[in-house]
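Asker: Attaching a single structure in structure tokens format; questions to follow.
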Amino acid sequence: MTGRQKKMLVRIIAAAVLLAAGYLIPAQGWVRLVVFLVPYAVIGWDILWKAVRNISHGQVFDENFLMALATVGAFFTGEFPEAVAVMLFYQIGELFQSYAVGKSRQSIASLMDIRPDYANLERDGKTEQVDPEEVAVGDVILVKPGEKIPLDGVVLEGDSMVNTSALTGESVPREAYPGSDVISGCINQNGLLRIRVTKEFGESTVAKILDLVENSSSKKAKAENFITKFARWYTPAVVIAAVLLAVVPPLILQGGWNDWIHRALIFLVISCPCALVISVPLSFFGGIGGASRNGILVKGGNYLESLAHAETVVFDKTGTLTRGVFNVTAIHPNSFSEADLLELAALAESYSDHPISRSIREAYGKDPDLSRVTDVEELSGRGVRVRIDGKTVCAGNDKLMEETGVQWHPCHRVGTTVHIAVDGEYAGHIVISDEVKPDAVQAVSALKQQGISRTVMLTGDAKAVGESVAKELGLDEVHTELLPAGKVDCVEQLLKQKSAKGTLVFVGDGINDAPVLSRADIGIAMGAMGSDAAIEAADIVLMDDKPSKIADAIRIARKTLRIVTQNIVFALAVKGIVLLLGALGLANMWEAVFADVGVSVIAILNAMRALKNKL
């Protein structure tokens, strides 16, 4: 509990004691007024001050004005205890609200613990502690056991286990060793690491994540915007209605002013929109906070709301449903030996950083002689064309062979086939296989249990490969042999086929899927540890490589939206009923207090359930 909350609790207790004493003191007239004015001043002075200050700034119709008008009016009609009780219970509701918002902020703030305080910079043979923002790209830093890694970099020396739970929600640490990439925000557990910095602090993973989380509350959901607009018109409307209730019936009935003014004051207490104005944003804030503790970063309440309506989930294959770790599983030469065909392929792919290219070079096992390679040309979605020892060599998929007029033949093995042609003659092909992620089957099954009506996979791989993976995972459909533009076209078609209320979710690795991520209703980037493109392009970022967390994200979104709907329906229903009873003279001030403070407290407690999203 914060210092301000403790002071408020003391005021509430003091006012409650003074109110109870007021009931016991047998005072009458102005003495009785003073007896109840004391606890009222203790508990309500700040509300009166806020109401006066806001009126002076042109902000008349807010909850402070409603409470001040209702309680001061109650004093004028002789309802002294009721006036104090209304203000007392209103402040109890405010205390609950403050506590709930604080808990929600703590959930978000837990991510702020990843912010590093310092970096151990190597300079002139010595180590000194500096602010991470002072470290430049290329500098060398030391990270001792138990310290946070302050900046993204590459390990030069040392072996250790790195705790990534603050980013991913996963308790299993990752190994760091010479040559491996490490990112800021993780905790070095047991070994001394010497790291060369690859990004300045402002561009580091931790800085991007902190910026994302800090700005998440600025992107409001439709329900939040509705409540904001609703409160803007609702409060003046109920004040006008209360004035009419206090004035019109007595004029028509020619009397009974005290009774109708009392009804109007009850009407004002009931009508305070706190339950909605507080609980709806708090629910979304709690949902975002609960998701973040599980390594699911949501960029705003609007994305959480859209995700709750997910109907179609579209996956990229490589790096999303499969590991993206390729191995050469077969070499089928046509007019070369296996060794010569593999060497040609390794030379042709020597300048590419594509996972398939790396797997071919790893299978070759030697450093390619780059002096033999000239005129390198990467052909998007097809392969590469280079000159090796003066000969034109093409290495790529079926489309590249057809484009160059080479007579190729298909392979009976399931996998990604890389065809090689030399000076227009077919030299053979190499088969490369990718491995399905361990929880991919579980991920697709969990989505179907969540009620997702359509699961689709998009891939640039051959039809046989794509269909094999889709069958293994239980996907509804698959589109193969797609160029990057073809994936966008597929998503466009799928968007037209979904229902009006449903949303389409695209899940990719975020590195080369930015156009599709931005075109879908909701873009989810996964495996974003260290991927700037993932954090930038997607609406929701999963910080690890587990596709099963997609279903968890949808579950959290739907739970949050259910809580929002429950609070809106409950608050409006109770207030509507008690407003009618108050206008008819069938509700007293205590029932009005329940309709305001009681409903607010119940709605806030319900909203806090959104925080509890442990997987």
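Asker: From the list Ile209, Ile227, which residue is assigned to a helix (DSSP H, G or I), touching a Leu at 6+ places or on another chain (Cβ under 6 Å), open to solvent by less than 40 Å² (accessible area, probe 1.4 Å) and modelled with pLDDT under 75?
Answerer: Ile227
Asker: Quick one: would you say Phe570 is modelled with pLDDT under 85 and outside any loop (DSSP other than H, G, I, E, B)?
Answerer: no
Asker: Please go through (1) open to solvent by 60 Å² or more (accessible area, probe 1.4 Å); (2) under 30 Å from Val238 (Cα atoms); (3) of a type outside the set (Phe, Trp, Tyr); (4) over 38 Å from the mean Cα position of the chain (by Cα) for Lys50 and return the number of the only condition it doesn't satisfy.
Answerer: Only one criterion in (1) open to solvent by 60 Å² or more (accessible area, probe 1.4 Å); (2) under 30 Å from Val238 (Cα atoms); (3) of a type outside the set (Phe, Trp, Tyr); (4) over 38 Å from the mean Cα position of the chain (by Cα) is unmet by Lys50, namely (4).
Asker: If you don't mind, another one. Could you check, for the stretch 105-124, whether at least one of its residues is farther than 30 Å from Asn606 by Cα, surrounded by 13 or more Cβ atoms within 10 Å (Cβ to Cβ), at pLDDT 75 or above and among the acidic types (Asp, Glu)?
Answerer: The answer is yes, given that some residue of the stretch 105-124 is farther than 30 Å from Asn606 by Cα, surrounded by 13 or more Cβ atoms within 10 Å (Cβ to Cβ), at pLDDT 75 or above and among the acidic types (Asp, Glu).
Asker: Moving to a separate point now. For Phe336, are the conditions met, namely being part of a strand (DSSP E or B), over 19 Å from the mean Cα position of the chain (by Cα) and of a type in the set (Phe, Trp, Tyr)?
Answerer: On the way: part of a strand (DSSP E or B): no; over 19 Å from the mean Cα position of the chain (by Cα): yes; of a type in the set (Phe, Trp, Tyr): yes.
Criteria not met by Phe336.
Asker: Something else: Could you list, in sequence order, all residues of the stretch 63-94 that are among the aromatic types (Phe, Trp, Tyr) and open to solvent by 10 Å² or more (accessible area, probe 1.4 Å)? Show your work before the answer.
Answerer: Restricting attention to the stretch 63-94, the residues satisfying the condition of being among the aromatic types (Phe, Trp, Tyr) are 65, 75-76, 80, 89-90.
Scanning the stretch 63-94 gives Phe65, Phe75, Phe76, Phe80, Phe89.
Asker: Is it the case that some residue within the stretch 549-557 is under 18 Å from Asp509 (Cα atoms) and open to solvent by 20 Å² or more (accessible area, probe 1.4 Å)?
Answerer: So far as the stretch 549-557 goes, yes, one or more of its residues are under 18 Å from Asp509 (Cα atoms) and open to solvent by 20 Å² or more (accessible area, probe 1.4 Å).
Asker: Cβ-Cβ under 7 Å, sequence separation 6+ or interchain: first residue in the stretch 566-586 and open to solvent by 30 Å² or more (accessible area, probe 1.4 Å), partner assigned to a loop (DSSP other than H, G, I, E, B) and not β-branched (Val, Ile, Thr). Which pairs?
Answerer: Leu581/Ala587
Asker: With respect to Tyr23, is the statement that it is aromatic (Phe, Trp, Tyr) and either open to solvent by less than 90 Å² (accessible area, probe 1.4 Å) or closer than 15 Å to Phe89 by Cβ (or both) true?
Answerer: no
Asker: Starting from the stretch 55-66, take each residue that is at pLDDT 80 or above and list its partners that are basic (Lys, Arg), counting only C-beta distances under 8 angstrom and pairs at least six apart or across chains.
Answerer: Within 8 Å, the pairs are Asn64/Lys50.
Asker: I'm checking my understanding of the structure. Among residues of the stretch 380-421 that are touching an Asp or Glu at 6+ places or on another chain (Cβ under 6 Å) and open to solvent by 80 Å² or more (accessible area, probe 1.4 Å), which one is nearest to Lys317 (Cα to Cα)?
Answerer: Arg387
Asker: If you scan the stretch 293-304, which residues turn out to be open to solvent by less than 10 Å² (accessible area, probe 1.4 Å) and either under 23 Å from Asp489 (Cα atoms) or not hydrophobic (A, V, I, L, M, F, W, C) (or both)?
Answerer: Listed by number, the residues that qualify are Gly295, Gly300, Gly301.
Asker: Let me ask something additional. Just wondering, is there one or more residues in the stretch 363-373 that are surrounded by 14 or more Cβ atoms within 10 Å (Cβ to Cβ), among the hydroxyl-bearing types (Ser, Thr, Tyr), touching a Cys at 6+ places or on another chain (Cβ under 7 Å) and over 30 Å from Ala446 (Cβ atoms)?
Answerer: Checking the stretch 363-373: not a single residue is surrounded by 14 or more Cβ atoms within 10 Å (Cβ to Cβ), among the hydroxyl-bearing types (Ser, Thr, Tyr), touching a Cys at 6+ places or on another chain (Cβ under 7 Å) and over 30 Å from Ala446 (Cβ atoms).
Asker: Would you point out the residue of the stretch 320-333, among those that are at pLDDT 85 or above and among the aliphatic types (A, V, I, L, M), that is farthest from the chain's Cα centre (by Cα)?
Answerer: Within the stretch 320-333, the match that is farthest from the chain's Cα centre (by Cα) is Ile331.
Asker: Being out of contact with any strand residue (DSSP E or B) (no Cβ under 6 Å at 6 or more places or on another chain) and not in a helix (DSSP H, G or I): is that true of Asn302 here? Give the derivation first.
Answerer: Numbers: out of contact with any strand residue (DSSP E or B) (no Cβ under 6 Å at 6 or more places or on another chain): yes; not in a helix (DSSP H, G or I): no.
No: the conditions fail for Asn302.
Asker: In addition: Can you name the condition, by its number, that Val441 falls short on among (1) part of a helix (DSSP H, G or I); (2) surrounded by fewer than 22 Cβ atoms within 10 Å (Cβ to Cβ); (3) at pLDDT below 90?
Answerer: (3)
Asker: Also: Of the residues in the stretch 422-438, how many are open to solvent by 60 Å² or more (accessible area, probe 1.4 Å), touching a residue at least 12 places away in the same chain (Cβ under 8 Å) and part of a loop (DSSP other than H, G, I, E, B)?
Answerer: Qualifying residue count, the stretch 422-438: 1.
Asker: Now, a different point. Among (1) modelled with pLDDT under 85; (2) closer than 30 Å to Asp489 by Cα; (3) open to solvent by 40 Å² or more (accessible area, probe 1.4 Å); (4) not in a strand (DSSP E or B), where does Ser352 come up short?
Answerer: (3)
Asker: Which is over 19 Å from the mean Cα position of the chain (by Cα), without any contact (Cβ under 8 Å) to a residue 24 or more places away in the chain and surrounded by 17 or more Cβ atoms within 10 Å (Cβ to Cβ), of Ala514, Ala470, Ala500, Ala462?
Answerer: After ruling out the rest, the residue left standing is Ala470.
Asker: Does Ser306 satisfy the condition of being under 32 Å from the mean Cα position of the chain (by Cα) and within 30 Å of Val469 (Cβ to Cβ)?
Answerer: Yes.
Asker: Turning to a different aspect of this structure: Of the residues that sit in the stretch 133-152 and are outside any strand (DSSP E or B) and in contact with a Ser or Thr (Cβ under 8 Å, 6 or more places away or on another chain), which one is surrounded by the most Cβ atoms within 10 Å (Cβ to Cβ)?
Answerer: Ranking the candidates gives Leu151 first.
Asker: Any residue at all in the stretch 587-596 that's open to solvent by less than 40 Å² (accessible area, probe 1.4 Å), at pLDDT below 85, over 27 Å from Leu447 (Cα atoms) and not in a helix (DSSP H, G or I)?
Answerer: yes
Asker: Another question, then. Of the conditions (1) open to solvent by less than 10 Å² (accessible area, probe 1.4 Å); (2) closer than 30 Å to Val431 by Cα; (3) modelled with pLDDT under 80; (4) of a type outside the set (A, V, I, L, M, F, W, C), Lys317 fails just one. Which one is it?
Answerer: (3)
Condition check ((1) open to solvent by less than 10 Å² (accessible area, probe 1.4 Å); (2) in a helix (DSSP H, G or I); (3) under 30 Å from Gln497 (Cα atoms); (4) touching a Leu at 6+ places or on another chain (Cβ under 9 Å)) across all residues:
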{"position": "Asp259", "(1), (2), (3), (4)": "no, yes, no, no"}
{"position": "His262", "(1), (2), (3), (4)": "no, yes, no, no"}
{"position": "Ser306", "(1), (2), (3), (4)": "no, yes, yes, no"}
{"position": "Glu311", "(1), (2), (3), (4)": "no, no, yes, yes"}
{"position": "Ala346", "(1), (2), (3), (4)": "yes, yes, no, no"}
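Asker: Quick one: in the stretch 277-291, which of the residues that are out of contact with any Ser or Thr (no Cβ under 7 Å at 6 or more places or on another chain) and open to solvent by 10 Å² or more (accessible area, probe 1.4 Å) is modelled with the lowest pLDDT? Please lay out each step first, then the result.
Answerer: Of all residues in the stretch 277-291, those out of contact with any Ser or Thr (no Cβ under 7 Å at 6 or more places or on another chain) come to 277, 279-281, 291.
Applying the additional criterion that residues be open to solvent by 10 Å² or more (accessible area, probe 1.4 Å) yields 277, 281.
Values: Val277: 73, Pro281: 80.
By that ranking, first place goes to Val277.
Asker: The conditions are (1) in a helix (DSSP H, G or I); (2) surrounded by fewer than 20 Cβ atoms within 10 Å (Cβ to Cβ), and Val60 fails exactly one of them. Which is it?
Answerer: (1)
The values are calculated or read from the model by the stated rules, or taken from the named source; none is laboratory data. For clarity, every value in this text was computed on a predicted model and none was experimentally measured. When we count neighbours, we look across all protein chains shown, and the Cβ atoms used for this are built from the backbone with ideal geometry, even at glycine. Ligands, DNA and RNA are excluded from the accessible area calculation, which covers all protein heavy atoms including side chains. Shrake-Rupley method; radii C 1.70, N 1.55, O 1.52, S 1.80 Å.
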